[in-house]
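Note sheet for the following structure.
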Amino acid sequence: MISLEEARQKILSHVGNAGVIEVGLADAWGGILAEQLVADAYYPTADRSTMDGYVIGGDEVPGTFHVIGEIPAGTFPEIPLGKGEALRIFTGALIPQGGGRVVMQEDVTRDGDHVSIKAFSENRFIREKGSEAAPGDVVLEKGTKLGGAELAILAQIGEVRPKILRKPVVRHIATGSELVAPDQIPGRGEIRDTNSNLLAGLFKSLGVEISDSRRVADDPQAISEIAEGDWDLLLISGGASVGDYDFGAETLKRLGFTIHFDKVNLRPGKPLIFATRGNQVAFVIPGNPISHFVSFHVAIRLAVERLAGLPCHWNFLPLEIRGGEPLRPDPRDSFWVARVSVEDGKLFVTPKSWSTSGNTFSLAGTNALVRVKSGAPADGVVETLLLDLPESIA
Ligand code: AMP
Ligand code: MG
């Protein structure tokens, strides 16, 4: 049995990214940028007005100026501005040659083709050429997740075919002769399969889809047949332990996988198996729902982050416990489903009650995991992994 830290280290050293693809800007949202991007030009490309008003030429002395024309945004000012002259200008328009400053229209008095200006403000109201970036300046780092703001930056530099990391192809197999589909009424000895939906949802929250999910009985031949394929990540639910009907490890060995660990000092989730074959990654996950939930967040998620190039989510906050289930000290590295809430600007954590890892309903409202390492205090302030931002009621 290895520690969770050793298990995570093994995942890091055996899992790489799933490769790079090029996509159109419209399909790039949520992608992870696979290259560093630099400015292709000066930004702004030329001096531009930041106000609607008048650009004035010559000596910067307040007084009366002759208005010789106008420069709307999108036009190029051909006429140079001379001493005592002004041009009507609008936000974003280019500053003509000879233009030293812009005066807001609120600060002038216009009379026919003249404007008089009593005083200049300190602000010249000009965005200078290159003040934001010069050609070659880094505008987005490799590994950046592309949201709306980043897509705007891609658009700004004309990068319409960004290279992003390919999302991994994920196959899931729920094993267990007792499983029936959620729309069935379980017969004697049968239960509804909940893990398939649990994993589908957890993966979606990372922006990765499980493209193929099936249920199969505890039959090593059938499991192997479904497991074979050219996916990037295989998840086998159930059969991770050493019972007579646990075929996870056997299946992976049969398919030529190397097993890197098959037991982790973890509660719940001890019989977690991690294996690879070339670039393909596989986990066999102990079947209980809370074991699934915890295994996903502490181990499987790390493999997905590696495959998809996502930033690693593993920051524990020391939070004060408020109410909830008393945490039992345990010789294993234990994780408790919990709910974090905000009160008066402070975060608190409330462990949820669960009698066994077979509980499903205890997962309701969970937005955090509390970690209690062997020998660590199980009350007061505890290490909390926030899974979602705590909500407040509007
Ligand atoms: P196993 O890991 O196969 O020994 O299963 C451990 C427990 O989890 C057993 O009680 C199983 O019935 C249950 N279980 C296994 N797979 C699922 C599933 N897909 N949905 C809900 N419970 C499951
Ligand atoms: Mg089973």
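The values are calculated or read from the model by the stated rules, or taken from the named source; none is laboratory data. Quick caveat: nothing in here was measured; it's all calculated off a predicted structure. Here the Cβ positions follow ideal geometry from the backbone for every residue, glycine too, while neighbour counts run over all protein chains shown. Side chains are part of the model used for accessible areas, which takes the heavy atoms of the whole protein and leaves out ligands, DNA and RNA. Shrake-Rupley method; radii C 1.70, N 1.55, O 1.52, S 1.80 Å.
Out of residues 5 or more away from ILE71 or on other chains, whose amide H comes under 5 Å of its own, with H placed 1.01 Å from N in the peptide plane?
HN-HN under 5 Å from ILE71: ARG88, ILE89, PHE90.
Along the charge dipole of segment 84-218, which of VAL170, ALA133, THR109 sits closest to the positive end, that is, farthest toward it, with unit charges on the beta carbon of Lys, Arg, Asp and Glu (+1, +1, -1, -1)?
VAL170
Using the Cα centre as the reference, give the magnitude of the dipole from point charges on the C-beta atoms of segment 37-102 (Lys, Arg: +1; Asp, Glu: -1; all else neutral), rounded to the nearest 20 debye. Please report the intermediate quantities before stating the final value.
Details: 4 positive and 8 negative charges, 15 e Å.
Computed charge dipole of segment 37-102: roughly 80 debye.
How large is the accessible surface per residue of segment 48-127, computed with a 1.4 Å probe and reported in Å² as a whole number?
54 Å²
For segment 45-54, what does the Karplus curve 6.51 cos²θ - 1.76 cosθ + 1.60, with θ = phi - 60°, yield as ³J(HN,Hα) per residue in whole Hz, taken in order and with x for Gly and Pro?
My calculation for segment 45-54 gives 5, 7, 5, 10, 6, 9, 9, 7, x, 9 Hz in order.
Tell me, what is the per residue accessible area of segment 133-287 in Å², probe radius 1.4 Å?
Solvent-accessible surface per residue comes out at 46 Å².
Given H placed on each backbone N at 1.01 Å, which residues far from LEU266 in sequence or on other chains put an amide H within less than 5 Å of it?
Amide H neighbours of LEU266: ASP333.
Determine, for each peptide in 174-183, 290-299, the mean count of other beta carbons within 10 angstrom over its residues, then list the peptides with the highest first.
Final packing ranking: 290-299, 174-183.
Evaluate the charge dipole of the chain about its Cα centre and quote only its size in Debye, nearest 20, assuming +1 on the Cβ of each Lys and Arg and -1 on the Cβ of each Asp and Glu. It would help to have the intermediate numbers written out before the result.
Working: 39 positive and 51 negative charges, 222 e Å.
It works out to roughly 1060 debye.
At 222 nm, what value in deg cm²/dmol follows for the chain if DSSP H runs of at least 4 each add -39500 (n - 2.57) and the sum is divided by all its residues, to the nearest 500?
Taking each H run of at least 4 residues, the total per residue is -4500 deg cm²/dmol.
Express in whole angstrom the spacing between the alpha-carbon centres of segment 30-70 and segment 185-212.
Centre-to-centre distance over Cα atoms comes out at 55 Å.
Determine, for each peptide in 184-195, 250-261, the mean count of other beta carbons within 10 angstrom over its residues, then list the peptides with the highest first. Please list the in-between numbers first.
Working: 184-195: 13.6, 250-261: 16.9.
Averaged packing, sorted descending, gives the order 250-261, 184-195.
With a 1.4 Å probe and every protein chain left in place, work out the accessible area per residue of segment 316-386 in Å², rounded to a whole number.
49 Å²
Using the Cα centre of segment 204-325 as origin and beta-carbon charges of +1 (Lys, Arg) and -1 (Asp, Glu), tell me which of ILE285, VAL298, VAL242 is placed farthest towards the positive end of the dipole.
VAL298
Short version: ³J(HN,Hα) in whole Hz for each residue of segment 331-343, in order, from phi by Karplus 6.51 cos²θ - 1.76 cosθ + 1.60 (θ = phi - 60°), x for Gly and Pro, what are they?
x, 8, 6, 9, 10, 10, 5, 7, 10, 9, 10, 10, 9
At a 1.4 Å probe radius, carbon and sulfur cover how many percent of the accessible area of segment 82-136?
About 45 percent, which is the carbon plus sulfur part of the accessible surface.
Once neighbouring chains are kept in place and the probe is 1.4 Å, which whole percent of the accessible area of segment 316-386 is contributed by carbon and sulfur?
After summing per-atom areas, the C and S share lands at 55 percent.
Using θ = phi - 60° and the Karplus relation 6.51 cos²θ - 1.76 cosθ + 1.60, list the HN-Hα couplings for segment 228-237 in order, rounded to whole Hz, with x at every Gly or Pro.
Karplus-based 3J(HN,Hα) across segment 228-237 equals 5, x, 10, 5, 9, 9, 10, 10, 10, 8 Hz.
Suppose a student asked you for the relative contact order of the chain, using Cα pairs under 8 Å spaced at least 6 residues apart; what percent would you report? Mind showing how you got there, number by number?
Values: 871 pairs, mean separation 61.9, N = 394.
It comes to 16 percent, rounded to a whole number.
Taking amide H atoms as placed 1.01 Å from N in the peptide plane, list the residues 5 or more away in sequence, or in a different chain, whose amide H sits under 5 Å from that of VAL139.
Those qualifying (amide H under 5 Å, at least 5 residues apart or on another chain) are LEU37, VAL38, ALA39.
Sorted from largest down, give the three principal axis spans of the alpha carbons of the chain, whole angstrom values.
95, 48, 40
For the chain, set up a Gaussian network in which alpha carbons nearer than 10 Å are linked by springs, and say which option among ALA133, ALA93, ALA282 fluctuates the most.
ALA93
Tell me, what is the 1.4 Å probe accessible area of GLU106, in Å² to the nearest 10?
130 Å²
Where in segment 155-253 are there chymotrypsin sites (Phe, Trp or Tyr not before Pro) that are in a DSSP coil and have at most 15 other Cβ atoms within 10 angstrom of their Cβ? Write down the numbers at each step before the final one.
On the way: sites: PHE203, TRP231, TYR245, PHE247; in loops: TRP231, TYR245, PHE247.
For chymotrypsin sites (Phe, Trp or Tyr not before Pro) across segment 155-253 that sit outside H, G, I, E and B with at most 15 neighbouring Cβ atoms in 10 Å, the list reads TYR245.
Once a ≥ b ≥ c are taken as the square roots of the eigenvalues of the Cα gyration tensor of segment 316-386, is the result rounded (a/c under 1.5), prolate (a/b larger than b/c) or oblate (a/b not larger than b/c)? All intermediate terms of the calculation are to be shown ahead of the outcome.
Working: a/c = 1.93, a/b = 1.15, b/c = 1.67.
Taking the square roots of the gyration eigenvalues as a ≥ b ≥ c, segment 316-386 is oblate.
List the lysines whose alpha-carbon lies under 18 Å from that of LYS142, not counting same-chain residues fewer than 8 positions away?
Within the straight-line limit of under 18 Å, LYS142 reaches these lysines: LYS163, LYS167.
Of the heavy-atom accessible surface of segment 193-272 (probe 1.4 angstrom), what whole percent is carbon and sulfur?
Of the solvent-accessible surface of segment 193-272, carbon and sulfur hold 46 percent.
Arranged from highest to lowest average of other beta-carbon atoms within 10 Å per residue, in what order do the peptides 85-92, 4-11, 143-150 appear? Intermediate results must be reported in sequence, preceding the final value.
Numbers: 85-92: 21.0, 4-11: 17.1, 143-150: 14.4.
Ranking, from highest mean packing down: 85-92, 4-11, 143-150.
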